[in-house]
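The values are calculated or read from the model by the stated rules, or taken from the named source; none is laboratory data. Keep in mind the model is a prediction, meaning the values are calculated, not measured. Ideal geometry is used to build each Cβ from the backbone, glycine not excepted, and the neighbour counts take in all protein chains shown. Side chains included, ligands, DNA and RNA excluded: accessible areas come from the protein's heavy atoms. Shrake-Rupley method; radii C 1.70, N 1.55, O 1.52, S 1.80 Å.
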Amino acid sequence: MRILYVVGTRPNFVKTAPVIAALRERLPEAAHVIVHTGQHYDRLMSEVFVQELGVPAPDHMLEVGSGSHAQTTARVMERLEPVLEAERPDLMLVPGDVNSTLAATLTAVKMGIAVGHIESGLRSFDRTMPEEINRIVADEFSEHLFLHSEEAVENLRAEGIPDRRMHFVGNTMIDTLVALEDRFRAAGATARLGLEPGAFLLVTLHRPSLVDGPLLGETMERLAEVAERLPVVFPVHPRTRKMMESARPDHPGLMLTDPLGYVDFLGLLADAGAVLTDSGGIQEESTYLGVPCFTLRDNTERPVTIRAGTNTLLGLDPSRIADVPDALERNRRMPAEPPPLWDGHASERIAEVVSKALKG
């Protein structure tokens, strides 16, 4: 019995680490093979991340690096195919919606290898987003669809996918957060940066629609204005930093840091007065923690976070950043009421489904 896991970006590790742990415990006799595509190649965002989550070292490193969507997808497919041929897993598990997810799914299904998709059924209904295409393809061809929110059921049914392939298991990203909670609350990241808990804005931005054009410059100007009212902390994604430096080298008033390890980042998020982001995962983590989230996008594939009352869509409009301090004055942190099955046990449910499927 062989299970192969394909990861490649920071969120992939968060979503997959607890699944690997749960399946290793549930099926100790099975071979568990980890493939790291290397889509995120920055040391702080990959190697350190593996160390913090306690994931076993990858068995195969594809080292695809960065590139266009076509280049990244093609490299993963080309380099993954011989690995799958050698390993011949009974099941391949892929998380999320990145190019590695798409490429791995297509490669496996053409080789007759069953695929399970972690975080299935999310839809932004915006097909200009590369992630939306990746989600649709992964869901169409995966035999086992692991859902983390209730709206995913209707999304998949609307695409003609039968209920027998769907398993509402909950959110594996929250499993990781729960497992690390004692550690990140004791890590002291907020104090090391000289910040007061509950009194700063945490920022993460990386999507091409925001950082690849003139909107980034306006965003930085608006953040500088917010920094006159409360501290603004911005751990900068390598892609975003590259674009920032080409547009403008200095950003007075903002606390710009290198990417943080996941434990330190969660510590900052838990202590933040609010978070401004274009990330899907941070919308979920902030919802679990009860931290107000302002999402600088026109849409979200995670409407469950809006229903929870923790997430506000600002639109792809940097001028709306100016509203954040006043919104915080009106709506301070709220008690966390996680969505159904965001309870730290989603991975155990996945392990149960996989065990039954593989044992027949």
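Some notes on this structure:
- Residues located in segment 182-219, provided they are in contact with a Phe, Trp or Tyr (Cβ under 9 Å, 6 or more places away or on another chain) and under 21 Å from GLU245 (Cα atoms): LEU202, VAL203, THR204, LEU205
- Some residue of segment 229-242 being among the aliphatic types (A, V, I, L, M) and more than 21 Å from the chain's Cα centre (by Cα): yes
- Qualifying residue in segment 296-306 (condition: within 26 Å of VAL153 (Cα to Cα) and free of Cβ contacts under 8 Å to residues at least 40 places away in the same chain): yes
- Among the residues making up segment 137-158, those that are in contact with a Lys or Arg (Cβ under 7 Å, 6 or more places away or on another chain) and either open to solvent by 30 Å² or more (accessible area, probe 1.4 Å) or more than 19 Å from THR16 (Cα to Cα) (or both) are GLU143, HIS144, ASN155.
- Candidate set: segment 227-243, residues that are in contact with a helix residue (DSSP H, G or I) (Cβ under 9 Å, 6 or more places away or on another chain) and among the hydrophobic types (A, V, I, L, M, F, W, C); chosen: the one most open to solvent (accessible area, probe 1.4 Å): MET243
- Meets criteria (touching a residue at least 40 places away in the same chain (Cβ under 8 Å), part of a strand (DSSP E or B), out of contact with any Lys or Arg (no Cβ under 6 Å at 6 or more places or on another chain) and open to solvent by less than 10 Å² (accessible area, probe 1.4 Å)) for LEU268: no
- Residues being in contact with a Leu (Cβ under 8 Å, 6 or more places away or on another chain) and over 21 Å from THR9 (Cα atoms) - total across segment 281-292: 4
Per-residue answers, yes or no, for (1) surrounded by fewer than 20 Cβ atoms within 10 Å (Cβ to Cβ); (2) in contact (Cβ under 8 Å) with a residue 24 or more places away in the chain:
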site	(1), (2)
ILE161	yes, no
ARG165	yes, no
VAL211	no, yes
LEU215	yes, yes
GLU218	yes, yes
GLU225	yes, yes
GLU245	yes, no
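- Of all the listed residues (THR312, THR305), the sole one being part of a helix (DSSP H, G or I) and either of a type in the set (A, V, I, L, M, F, W, C) or on the phi < 0 side of the Ramachandran plot (or both) is THR305.
- ALA322 being outside any loop (DSSP other than H, G, I, E, B), under 30 Å from LEU27 (Cβ atoms) and hydrophobic (A, V, I, L, M, F, W, C): no
- Looking only at segment 157-216, residues that are touching a strand residue (DSSP E or B) at 6+ places or on another chain (Cβ under 9 Å), modelled with pLDDT of 95 or more and among the hydrophobic types (A, V, I, L, M, F, W, C) come to 11 in all.
- Being open to solvent by 10 Å² or more (accessible area, probe 1.4 Å) and either in contact (Cβ under 8 Å) with a residue 12 or more places away in the chain or on the phi > 0 side of the Ramachandran plot (or both) is a property that does not hold for ARG127.
- Checking MET220 against (1) in a loop (DSSP other than H, G, I, E, B); (2) more than 30 Å from GLU119 (Cα to Cα), the condition it does not meet: (1)
- Number of positions in segment 93-106 that are part of a helix (DSSP H, G or I), open to solvent by 10 Å² or more (accessible area, probe 1.4 Å) and either acidic (Asp, Glu) or free of Cβ contacts under 8 Å to residues at least 40 places away in the same chain (or both): 2
- Against the list (1) out of contact with any strand residue (DSSP E or B) (no Cβ under 9 Å at 6 or more places or on another chain); (2) crowded, with 23+ Cβ neighbours inside 10 Å, the condition THR310 fails is (1).
- Set side by side, the residues VAL64, VAL55, VAL115, VAL50 differ, and just one is free of Cβ contacts under 8 Å to residues at least 60 places away in the same chain and surrounded by fewer than 19 Cβ atoms within 10 Å (Cβ to Cβ), which is VAL50.
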